[in-house]
Structure formats: structure tokens, C-alpha cells
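The values are calculated or read from the model by the stated rules, or taken from the named source; none is laboratory data. The model shown is predicted, which means the values in this text are computed figures rather than measured ones. Counting neighbours? That spans all protein chains shown, and the Cβs are built from the backbone with ideal geometry, glycine included. Side chains included, ligands, DNA and RNA excluded: accessible areas come from the protein's heavy atoms. Shrake-Rupley method; radii C 1.70, N 1.55, O 1.52, S 1.80 Å.
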Amino acid sequence: MVVIRLRRGGMKKKPFYRIVAVDSRKKRDGAVIETIGYYDPKTEPPTIKVDMDKYNGWIEKGAKVSETVKNLVKKVG
């Protein structure tokens with residue numbers, strides 16, 4: 001099953017997250033199918049960028065979305 005969730009990047013104490021479509025059996029930072037956007041919580045205000053065409057395409061294909069990503073997408077609009 002495909003899941004849309006966050007993948008952590010950046011350095012220690014300086015997180016940066018990519019919003020990705022990934023097989024649910026993979027590790028948090030494992031191989032991804034497609035990168036959909038990113039989230040940078042360290043900027044003021046936090047930067048959120050989501051490609052809504054890709055996001056909606058994965059939803060139509062039956063991908064599940066994590067609660068955190070749902071909340072971030074709601075903020076984007």
C-alpha cells in the first residue's frame with residue numbers, strides 16, 4: 001500500500017522534511033516512489049510547498065495520507 005508521509009532530512013537539530021509517496025513497508029527515510037513537496041519548520045513562518053496535482057493523483061490511486069501531512073495540506077489550502 002502506498003502512503004503519503006514525511007521523510008526527514010537536514011542536520012541534527014535542523015530538520016527539513018520532504019512530503020513523499022512511499023510503500024508503507026519502507027523505513028522512514030527509505031526509498032520513495034515520488035516526492036510531492038517539502039516542509040521546513042525552522043523558517044518563520046514555516047515553509048510548506050505541496051504539488052497539489054501530484055497529491056490529488058496519489059489520493060485518486062488509493063494512497064493513504066498520514067495525519068501530519070493532512071494537517072500541513074490543510075494549512076496550504
Compute the normalised compactness of the chain: alpha-carbon radius of gyration over 2.2 N^0.38 Å, N being the residue count. 1.05
Please give the charge dipole size of the stretch 9-77, origin at the Cα centre, charges +1 on K and R Cβ atoms and -1 on D and E Cβ atoms. Round to the nearest 20 debye. 360 debye
Which pairs, out of Lys26/Lys70; Lys14/Lys61; Lys27/Lys54; Lys13/Lys49; Lys42/Lys64, put more than 25 Å between their alpha-carbon atoms? Lys14/Lys61; Lys42/Lys64
Share of carbon and sulfur in the accessible heavy-atom surface of the chain [1.4 Å probe, %]: 51 percent
